[in-house]
Amino acid sequence: MAPAEVASIVIDEDSHSMDVAVAEEALAMAIGRNGQNVRLASEMTGWKLNVMSEAEAQEKHQSEVGRVLDLFMVHLDVDDELAQILVDEGFTSLEEVAYVPVDEMLEIDGFDEDIVESLRMRAKDALLNLAIANEEQLGSTEPAEDLLTMEGMDRALAYQLAAIGVITMEDLAEQSVDELTEIEGLDEERAAALIMTARAPWFSESQ
């Protein structure tokens with residue numbers, strides 16, 4: 001980005017991307033002619049870089065905060081104050097509320113075991129309901145039994161995979177990490193683990 005000075009960087013590990021904010025007057029300099037600076041920086045770091053002005057970054061941040069607040073208020077059935085506490089503590093998804101270690105949540109000022117347990121149960125119930133709704137929306141495409149029962153697989157993800165044509169373990173074995181991470185909520189680590197599990201029969205057959 002040099003000589004433009006970076007004001008802030010927000011990292012999204014799930015999408016392997018970064019939002020890089022610079023001053024408005026330095027935006028063109030940071031991007032470079034025909035975007036060459038951004039392309040070079042992306043190649044060097046191995047991350048997708050989204051270069052924007054500080055104002056654009058702030059607007060995006062506020063929009064994301066609003067989305068998460070609405071998510072928590074609707075699906076956890078909490079008021080805006082409690083939803084804001086969760087956001088301030090770094091929670092950005094129902095999965096985090098449901099599965100972050102209890103001890104970490106108990107460290108939040110004002111949270112006791114009853115509050116934490118209630119939030120975790122509501123988050124898990126919400127995730128289950130969303131998975132069922134998503135399954136219904138995916139249509140009639142059924143995943144094969146070997147995909148449904150594969151180690152590390154869950155029913156909702158199996159139906160998401162079936163909807164994009166990944167019906168069997170063999171189909172999954174032929175996928176790349178990049179292809180799988182296009183599915184919302186599926187990060188690179190889990191995608192890689194699922195692919196390796198699906199490919200396990202290949203290695204046993206070759207031995």
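The values are calculated or read from the model by the stated rules, or taken from the named source; none is laboratory data. Given the structure is predicted, the values throughout are model-derived calculations rather than measurements. Positions of Cβ are backbone-derived with ideal geometry, glycine not excepted, and every protein chain shown enters the neighbour counts.
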- All positions within the range 92-124 that are under 20 Å from Gln160 (Cβ atoms) and either touching a His at 6+ places or on another chain (Cβ under 7 Å) or loosely packed, with under 15 Cβ neighbours inside 10 Å (or both): Leu94, Glu95, Tyr99
- In the list Ser42, Ser15, which residue meets the criterion of being in a loop (DSSP other than H, G, I, E, B) and either within 20 Å of the chain's Cα centre (by Cα) or under 26 Å from Leu180 (Cβ atoms) (or both)? Ser15
- Query: Here are Gly185, Gly165: which of them is closer than 22 Å to Glu95 by Cβ and not assigned by TED's automatic domain parsing to the domain that holds Ala131?
  - Reply: Gly185
- Query: Across the range 171-182, what is the total count of residues that are assigned to a helix (DSSP H, G or I) and either in the same structural domain as Lys48 (by TED's automatic domain parsing) or under 14 Å from Met153 (Cβ atoms) (or both)?
  - Reply: 4
- Which of the residues spanning the range 45-91 are surrounded by 17 or more Cβ atoms within 10 Å (Cβ to Cβ) and outside any helix (DSSP H, G or I)? Trp47, Leu49, Asn50, Val51, Met52, Ser53, Leu76, Val78, Phe91
- Note on the structure: Glu184 passes all but one of the listed conditions (1) more than 25 Å from Ser204 (Cβ to Cβ); (2) acidic (Asp, Glu); (3) touching a Ser or Thr at 6+ places or on another chain (Cβ under 7 Å); the exception is number (3)
- Would you pick out the residues in the range 1-51 that are closer than 26 Å to Glu188 by Cβ, touching a residue at least 24 places away in the same chain (Cβ under 8 Å) and charged (D, E, K, R)? Glu13, Asp14, Asp19, Lys48
- Query: Just one of Ala192, Ala133 is part of a helix (DSSP H, G or I), surrounded by 13 or more Cβ atoms within 10 Å (Cβ to Cβ) and outside the structural domain of His16 (by TED's automatic domain parsing); which is it?
  - Reply: Ala192
